[in-house]
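Reviewing the structure listed below.
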Amino acid sequence: MICFLLLTAILIAHGQGYDITPKQVLQGGVVHVRGSPGAVTARMGGQTIRLFSQADGSALGLMPVAATETPGTYRLEIFDETGSTIHAEDITVRDAHFPQQNIVISKQLSELKPSPGETETVAEFRKTVSDVRYWTGPPVRVYGVHTRRGALAG
């Protein structure tokens, strides 16, 4: 018990905290993950992201949520450089009620097959976690996006 209290006091004294927002996210949304300096990656479902060091010493990353993700509760875990879980929280993915459209394709088009190795190459590329941060600033909320069928966001 004393060790637990001492560890808690040390973490509070060093300002090591975790801020994962929002706790409820729509399909197709983004979860903003901020962790302690020792945090290097985060994972939710099958998606792993890199966390990038910030000027204040914290680590920051953006966790994408697929538009096709099944609504429900998912565990978001933050890992240190050894791969040990240092923090975990539950995130709720809500149904975004995206419009759907059924299409019919020709037999000729439906018979197209990927080149040998193409599927494996694409799968490997999608698993790649970059060490380079290609984005800046906080996520931006989009308001009033419309199509001929009506509002999609906002």
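The values are calculated or read from the model by the stated rules, or taken from the named source; none is laboratory data. Nothing here was measured: the structure is a model prediction, and the numbers come from that model. For neighbour counting, all protein chains shown are included, and Cβ atoms are generated from backbone atoms with ideal geometry for every residue, glycine included.
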Inset, instruction - Looking only at segment 99-119, decide whether some residue is closer than 19 Å to GLY45 by Cβ and of a type in the set (A, V, I, L, M, F, W, C). - result: no
Inset, instruction - Return the pairs, sorted by first residue and then second, in which the second residue is part of a loop (DSSP other than H, G, I, E, B), the first residue lies in segment 56-77 and is at positive phi, the beta carbons are less than 6 Å apart, and the residues are 6+ apart or on different chains. - result: GLY57/PRO37
Legend entry - Search result, residues across segment 85-96 that are part of a loop (DSSP other than H, G, I, E, B) and either exposed (fewer than 10 other Cβ atoms within 10 Å of the Cβ) or charged (D, E, K, R) (or both): ASP95
Inset, instruction - Could you list, in sequence order, all residues of segment 47-68 that are β-branched (Val, Ile, Thr) and more than 12 Å from the chain's Cα centre (by Cα)? - result: THR68
Inset, instruction - Pairs only if they're at least six apart or on different chains, beta carbon under 8 angstrom, first in segment 97-122 and surrounded by 10 or more Cβ atoms within 10 Å (Cβ to Cβ), second not in a helix (DSSP H, G or I); list them, first residue then second. - result: PHE98/GLN27; PHE98/GLY28; PHE98/ALA67; PHE98/LEU152
Inset, instruction - Determine which single condition LYS113 fails, assuming it passes every other condition in (1) at pLDDT 80 or above; (2) in contact with a strand residue (DSSP E or B) (Cβ under 9 Å, 6 or more places away or on another chain). - result: (2)
Inset, instruction - For residues that are modelled with pLDDT under 90, assigned to a loop (DSSP other than H, G, I, E, B) and surrounded by 10 or more Cβ atoms within 10 Å (Cβ to Cβ), tally how many sit in segment 1-36. - result: 4
Inset, instruction - Considering each residue of segment 17-42, count those that are under 19 Å from ASP56 (Cβ atoms) and either more than 11 Å from the chain's Cα centre (by Cα) or free of Cβ contacts under 8 Å to residues at least 12 places away in the same chain (or both), and give that number. - result: 11
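Is it the case that SER53 is over 20 Å from TRP135 (Cβ atoms) and surrounded by fewer than 15 Cβ atoms within 10 Å (Cβ to Cβ)? Spell out how you get there, then give the answer.
Values: over 20 Å from TRP135 (Cβ atoms): no; surrounded by fewer than 15 Cβ atoms within 10 Å (Cβ to Cβ): yes.
No, not satisfied.
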Legend entry - Output for segment 40-67, where each listed residue is of a type outside the set (A, V, I, L, M), assigned to a strand (DSSP E or B) and over 17 Å from ASP90 (Cα atoms): ARG50, PHE52, SER53
